[in-house]
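What follows is a short report on a single structure.
The values are calculated or read from the model by the stated rules, or taken from the named source; none is laboratory data. Treat the numbers as computed from the prediction; the structure is a model and nothing was measured. Note that we place each Cβ from the backbone using ideal geometry, even for glycine, and neighbour counts take in every protein chain shown.
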Amino acid sequence: MIAVNEDLDYMALIQHSNPTVRFQQQADNARADVLPFIEEVFNVTADCRVLDIGCGDGGVLMPFLERGCSAIGIELDQYKSDFAKGFLKEFIAKGQVEIINQNIYEEAALELYKGQFDLILLKDVIEHIPDQERFIPYLKKFLKPGGRIFFGFPPWYMPHGGHQQICSSKILGALPYFHLLPNPLYVGLLKLFGEDQGVVNELLSVKSTGISIERFEKIVTLFAYEIELKRHFLLNPIYRFKFGWKPRVQTKFIQSIPFFRNFLTTCVYYLIRKED
């Protein structure tokens, strides 16, 4: 029999290769943490229309569909979007949700969905998107008047902000902060531990798009959004489902120290809206 702590470690690791575990962790996290956070200031009702950008396997959408919302999940990766279609097949059959394998920047996507959504979700997505200064203001085109956008992401400088947990090496997967090394040293270390080129390329892609708290807030402010609600976490709420660790909000003292706070904050949640 697997001991409880070993079982949690196994569940945390298996999610990278098991879409069912990944879907369930995301759904549980969205149900327990993301939806309640949004509802502190914005009432999510069955009348809400939701857009989940980078929906992956579809887990984040689950509690919103359970609430009765209609939704679109858009995902570039065909492999992941196929899993989402399987996991959400009951809601798809009812016409409540549609999973689209498409680039949100395509003109066809804008023509179809311009001004349609009460709520846009980007959970663990913005840190993978290049040209964030262009992308974040572009999202306004899809909002209804009074609509909101939720962002949840790990600050780049946090211990595992480089997503090194996807490494096949358990040592590298657990090693904090080494993603902050200069690229030649970073790549050299990855290859020394036997990581294949696909993993190296993915980690370098994350390194090129990782975003800090300060840069995110600067972009949001620059392009006339209002930060309606924010919360910084010492312990990411999803760790409850990956490791059995209780979520912990970052201390006010650490939150008050620009730049340094990124190193000790494993996750941030934001809800923003267009300025009036």
**Report entry** Residue in the stretch 196-221 that is farthest from GLU39 (Cα to Cα), counting only those that are without any contact (Cβ under 8 Å) to a residue 24 or more places away in the chain and of a type outside the set (Asp, Glu)
**Finding:** GLN197
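Which members of the stretch 164-180 meet the condition of being under 21 Å from the mean Cα position of the chain (by Cα), among the hydrophobic types (A, V, I, L, M, F, W, C) and in a helix (DSSP H, G or I)?
ILE166, ALA174, LEU180
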Report task. State yes or no: is GLN25 assigned by TED's automatic domain parsing to the domain that holds ARG134, touching a Phe, Trp or Tyr at 6+ places or on another chain (Cβ under 6 Å) and touching a residue at least 24 places away in the same chain (Cβ under 8 Å)? Result -> yes
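Identify, please: which residue in the stretch 1-42 is among the polar types (S, T, N, Q), surrounded by 12 or more Cβ atoms within 10 Å (Cβ to Cβ) and assigned to a loop (DSSP other than H, G, I, E, B) and is, among those, modelled with the lowest pLDDT?
Once the filter is applied, the top-ranked residue is GLN15.
Matching residues to (1) aromatic (Phe, Trp, Tyr); (2) modelled with pLDDT of 95 or more; (3) closer than 22 Å to THR221 by Cα:
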residue	(1), (2), (3)
PHE87	yes, yes, no
ALA93	no, yes, no
ASN101	no, no, no
LEU121	no, yes, yes
HIS128	no, yes, yes
ARG148	no, yes, yes
Report summary line: Taking the stretch 225-248 and keeping residues in contact (Cβ under 8 Å) with a residue 60 or more places away in the chain and under 14 Å from ILE136 (Cα atoms) leaves TYR225
Requested in this report: Would you mention how many residues in the stretch 43-59 are buried (at least 19 other Cβ atoms within 10 Å of the Cβ) and over 15 Å from ASP77 (Cβ atoms)?
Outcome: 4
Requested in this report: Scan the stretch 181-234 for residues that are among the acidic types (Asp, Glu), part of a helix (DSSP H, G or I) and outside the structural domain of SER17 (by TED's automatic domain parsing) and jot them down.
Outcome: GLU202
Report task. Would you please name the residue that is surrounded by the most Cβ atoms within 10 Å (Cβ to Cβ), looking only at residues in the stretch 104-130 that are acidic (Asp, Glu) and either free of Cβ contacts under 8 Å to residues at least 12 places away in the same chain or closer than 16 Å to TYR269 by Cα (or both)? Result -> GLU127
Query raised in the report: Out of (1) in the same structural domain as THR265 (by TED's automatic domain parsing); (2) farther than 16 Å from TYR225 by Cα; (3) part of a helix (DSSP H, G or I); (4) of a type outside the set (Val, Ile, Thr), what's the single condition that is false for PRO137?
Result: (2)
